[in-house]
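The values are calculated or read from the model by the stated rules, or taken from the named source; none is laboratory data. Since we're looking at a predicted model, the values are computed, not measured. Cβ atoms come from the backbone with ideal geometry, glycine included; neighbour counts cover every protein chain shown.
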Amino acid sequence: MLRYRIEPADRHSHQFRVTLTLSQPAAEQGLSLPVWIPGSYLVREFARHVSGLQARQGSREVPLLQVDKSRWVARCRGSAALHVSYQVYAFDTSVRACYLDGQRGFFNGTSLCLLVDGRETDAHRIEIGSLPRGWQVATAMQRVRGTAHAYEAADYDELVDHPFELGNLWRGTFEAGGVPHEFVVAGAYVGFDGKRLLADTQRICETQVAFWHGRGTRARPPFGRYLFALNTVEDGRGGLEHRASTALLAPRRSLPRPGMAAGHEAYLDLLGLISHEYFHAWNVKRLRPAEFARFDYARENFTRLLWFFEGFTSYYDDLMVLRAGLLDAGSYLALLAKTINTVRATPGRRVHSLAQASFEAWTKFYRGDENTPNITVSYYAKGALTALALDLSLRAAGSSLDAVMRALWRSSRGGPIDEEQILQAVESAGGRGLARELHHWVHGTAELPLQRLLEGAAVAVQVEATPLAAGLGLRLSEGPLTGVQVKSVLIDSAAARAGVSAGDELLAVDGWRIRRLDEMLQWTARDRPFQLLLARDRRLQTLRVEPDLRSPLRQQWRLALDQRASRPALARRRAWLGR
Ligand SMILES: [Zn+2]
């Protein structure tokens, strides 16, 4: 048994104090802190926040030798218990690390709990000590019977898969799939509609349990209880999936207010996030890439399958909100069109396949910069569109992606899978030709046949003009104080050909000062060449910009229910969207 005593020691300096106790240490006992957290594919080097590391056995101080950026060896004598203590700086508001201030505390084990060499499969216990008055603890880790704040995990993997939320929390409970669910909210304003949040989340959970396991009293999710831990802030969004919980971050304005009408955009976004992370309890936490059968916490864990585990989860997140009756078909198509237009405005899709984008997530998608849209494509967004294309193709063949997901769940018994198994499941449901097509979509860079497939499901594709900046190939940040700043210039666009660069500040068009680029439409036509005055490194330059009338960047899609479609197309849409 390994024990970690965790104390919110200095809330104002954002310091947790951790004391690790292990019996019978090795003579040269290796200790390390993970460099990443599963679910978020970036080397974060959590050890950079550790300080004051000390070790002792009884009254003897044990020498600690640091051997790399996140690893130490303790020179122990005899079998007396080893005590290791240290501080961890906790001031990361995301869901991926740890946080502590006067209001709340949050941590993932990957940020706070040293991994003990050779003892990974021992039981691990966490005891929360010195809890400030009025603070509560929320976690899906099993509480030790008869204790106030001691929790136990079967091994290190489980220990770091149950985040902890500490503070004065709003709490609510419901049951779904015959299993207790808890929802806690930190940082909320008083008087938000908690009842509605619980009721809507419950509908999403019931829909997903039924999706994987059918309806009926014997349909049970693969966890005995589940926790949603939401932290609400002024601005921010994120979620991280775990085996029996999720840590969520969302703006306060996304919480439902009493009497709020259905279809509120920020609230629908929160429901989509809830749905996404809950779906992961099956798709990536259990059904998972073969490469994740065992995690290596010391380095990147590469897989070519994030298009499936993130992309297909993204496809199902809003679809499950729709199936739960919380989103209408028209609004669902508007969200789908947004994803389509995002991918269409990403030139990187023509040079980087989904499999490559998955593999290089660690150094490309997660370390995005001004050139990211030119060299990679989001495996979330394009992965979701691939799921859409696959679902509509399977439906045309008399099956569905739902059936393929369930077949994979059954055949893997909710465990690791590889690409071959995915292709096999598609072949069984939709034929060899479709499996081959999916392979091309994932490993190639050709466009997905979305228009044909959508029209075959009674969805009309209408083409409309994009905003001015998008049509020129510019991604901007515009504000009254900052002016017009260029964030990215898309390759092969009018702006790229004119010589505009990321970092430029756009000042004037044809001699007229602008505060937003759209203002130029007041004195020049959208399609006419114009003189652009900009500042670069404090020097002024004038460039001539020639709009490219044939650029696909000038067009975006709008999707609509097509009531005049053929009868089979309408039937396919009903089976897919319920109307
Ligand atoms: Zn995800």
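Within region 366-375, restricting attention to residues that are in contact (Cβ under 8 Å) with a residue 24 or more places away in the chain and farther than 14 Å from P347 by Cα, which residue is surrounded by the most Cβ atoms within 10 Å (Cβ to Cβ)?
Here the residue is Y366.
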Go over the candidates S331, S393, S358 one by one and state the one that is touching a residue at least 24 places away in the same chain (Cβ under 8 Å), assigned to a helix (DSSP H, G or I) and within 16 Å of the ligand (Cβ to nearest atom).
-> S358
Matching residues in region 241-281 - criterion: being within 13 Å of the ligand (Cβ to nearest atom) and part of a loop (DSSP other than H, G, I, E, B) = H242, A281
So, in region 98-123, of the ones that are of a type in the set (G, A, S) and surrounded by 24 or more Cβ atoms within 10 Å (Cβ to Cβ), which residue ends up nearest to D157 (Cα to Cα)?
-> G109
Has region 70-77 got any residue that is in contact with a helix residue (DSSP H, G or I) (Cβ under 9 Å, 6 or more places away or on another chain), buried (at least 17 other Cβ atoms within 10 Å of the Cβ) and part of a loop (DSSP other than H, G, I, E, B)?
-> yes
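Looking at this structure, is T339 in contact with a Phe, Trp or Tyr (Cβ under 8 Å, 6 or more places away or on another chain) and within 16 Å of the ligand (Cβ to nearest atom)? Can you show your working first?
Numbers: in contact with a Phe, Trp or Tyr (Cβ under 8 Å, 6 or more places away or on another chain): no; within 16 Å of the ligand (Cβ to nearest atom): yes.
When the stated conditions are applied, T339 does not pass them.
When you scan region 320-327, do you find a residue that is within 16 Å of the ligand (Cβ to nearest atom) and either modelled with pLDDT under 95 or crowded, with 17+ Cβ neighbours inside 10 Å (or both), even just one?
Yes, because at least one residue in region 320-327 is within 16 Å of the ligand (Cβ to nearest atom) and either modelled with pLDDT under 95 or crowded, with 17+ Cβ neighbours inside 10 Å (or both).
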So which pairs qualify, if the first residue must be in region 5-16 and under 16 Å from G109 (Cα atoms), the second must be among the small types (G, A, S) and part of a strand (DSSP E or B), the Cβ gap must be under 8 Å, and the two must be at least 6 apart or on different chains?
-> P8/G105; Q15/A9; F16/A9; F16/G105
Inside region 23-37, the number of residues satisfying the requirement of being away from the ligand (no atom under 16 Å from the Cβ), within 11 Å of Y297 (Cβ to Cβ) and either of a type in the set (A, V, I, L, M) or in a strand (DSSP E or B) (or both) is 3
Would it be correct to say that A290 is within 22 Å of S378 (Cα to Cα) and over 19 Å from the mean Cα position of the chain (by Cα)?
-> yes
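Kindly indicate the residue of region 38-63 that is away from the ligand (no atom under 16 Å from the Cβ) and part of a loop (DSSP other than H, G, I, E, B) and also farthest from L114 (Cα to Cα) among those meeting that condition. Working first, answer last.
Step one: list which residues in region 38-63 are away from the ligand (no atom under 16 Å from the Cβ), which gives 43-63.
From what's left, part of a loop (DSSP other than H, G, I, E, B): 43-45, 58-59, 62-63.
Details: V43: 16, R44: 15, E45: 13, G58: 20, S59: 22, V62: 16, P63: 17 Å.
Within region 38-63, the match that is farthest from L114 (Cα to Cα) is S59.
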How about region 438-526: which helices (runs of 4 or more DSSP H) wholly inside it have at least 2 residues that are at pLDDT 95 or above and over 20 Å from R554 (Cα atoms)?
-> 450-455
Just give me the residues in region 121-177 being β-branched (V, I, T) and either part of a strand (DSSP E or B) or on the phi > 0 side of the Ramachandran plot (or both), in sequence order.
-> I126, I128, V137, T173
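Any idea how many residues of region 100-152 are among the basic types (K, R) and in contact with a Leu (Cβ under 8 Å, 6 or more places away or on another chain)?
3
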Output for Cβ contacts, cut-off 8 Å, separation at least six or different chains, first residue in contact (Cβ under 8 Å) with a residue 24 or more places away in the chain in region 223-243, second away from the ligand (no atom under 16 Å from the Cβ) and basic (K, R), reads N231/R104; T232/R252; V233/R252
